[in-house]
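Data first, discussion second: the structure below is written as C-alpha cells.
The values are calculated or read from the model by the stated rules, or taken from the named source; none is laboratory data. Note that the structure is a prediction, hence the values are computed from the model and not measured. Here the Cβ positions follow ideal geometry from the backbone for every residue, glycine too, while neighbour counts run over all protein chains shown. Surface areas here come from the heavy atoms of the whole protein model, side chains and all, with no ligands, DNA or RNA. Shrake-Rupley method; radii C 1.70, N 1.55, O 1.52, S 1.80 Å.
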Amino acid sequence: MSKGTNGPWQVHTTQTCFENPWVTVETSDVTHPDGSAGTYGVVRFAHIATGVFPVDIDGHTWLVGQHRFPFNAYSWELPEGGGAKDVDPQTSAARELTEETGLIAQNYLPLGRWQLSNSVTDEVAFGFLAWGLKEGDASPDPSEALTVTKVPVRELVHRVRSGQISDAFTVLMVYSALDMAHSGQLPPHLSQLLLAG
C-alpha cells in the first residue's frame, strides 16, 4: 500500500500478515495523530455479519449454542452468520436463519447496522427481526456442532439482562427490538410478544 492518510493518521506502509477465506490481518506503520510513530493492526473481514431475532406467534424465539474458540467458552446466541458483501444483508440473514434453525420467515424488519469491534476490525453487522415463521429442516455446517433450542422471548431477555448471554450481536438485536417495541415502531402484536413478561 502506498503512503497516505487515514483521517489524522499518516500511513507509511501496510503489510498483509495473514489471510484466509474469512479474514485478512494487516499491520501498518503509522504516525499517530499526536506525531508519535507506531504500528496499527486491523482485521479485515471478507463478509458482513448477519443476525436474526425470530419471534413466533406464541412469543418464542430460537437460540443457537456453540463453543466459541477465541474465548474457549460455550455461547448461546440468536441465529447469526456471514454473507457476501455484494448480497443484500436480509437475503443472507434469511439463509442463515434457515440453515441454523430450519425456520422460514415471511416478514423481516431491520433492527440496525453496527460496527462490532471498530478499534481493530472493519466488521459490519446487520440485524433483523423476523416473524410469520414456518418450521422446516435445518442444514447447519457440520463443523460448527450447533445446538438449537426454542425458548420464550422473556427468557432470552432475562438471559441478556442478567449477563448470561454476552454475545454483543445478540445483545444489540434484543435491546434494539425492545426499544422499537417500547417506542411503537413495531406492529402491535409483535410489541406485545416482546414486552410480555
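Observations
- The length gained by stretching the chain between residue 134 and residue 147 to full extension, at 0.36 nm per residue less their Cα-Cα distance, is 2.8 nm.
- On full extension, the segment bounded by residue 84 and residue 31 gains 15.8 nm, given 0.36 nm per residue less the C-alpha separation.
- Local net charge near residue 165, Cβ-Cβ under 14 Å (Lys/Arg +1, Asp/Glu -1): 0
- Mean ellipticity per residue at 222 nm, deg cm²/dmol - from DSSP H runs of n ≥ 4 across the chain, formula -39500 (n - 2.57): -7000 deg cm²/dmol
- When the chymotrypsin sites (Phe, Trp or Tyr not before Pro) in segment 45-135 are filtered for DSSP coil states and for at most 10 other beta-carbon atoms within 10 Å of their beta-carbon, no site remains.
- Taking amide H atoms as placed 1.01 Å from N in the peptide plane, the amide H of residue 10 lies under 5 Å from those of 31, each 5 or more residues away in sequence or on another chain.
- Chain lengthening between residue 154 and residue 67 when straightened (0.36 nm per residue, less Cα-Cα): 28.9 nm
- Ratio of Rg to Rh over the chain (Cα coordinates, Kirkwood Rh, two decimals): 1.05
- Segment 81-99 and segment 127-175 have their alpha-carbon centroids 16 Å apart.
- Straight-line cross-link reach from residue 150 at under 16 Å between alpha-carbon atoms covers these lysines, not counting any fewer than eight positions away in the same chain: 134.
- For segment 108-197, the share of alpha carbon pairs falling in successive 5 Å distance bins from zero is 2, 11, 18, 21, 22, 16, 7, 2, 0 percent.
- Residues whose placed amide H lies under 5 Å from that of residue 112, excluding near-sequence neighbours: 127
- Protein heavy-atom accessible surface, 1.4 Å probe, per residue over segment 42-197: 52 Å².
- Computed with a 1.4 Å probe over protein heavy atoms only, the accessible area of residue 11 comes to about 10 Å².
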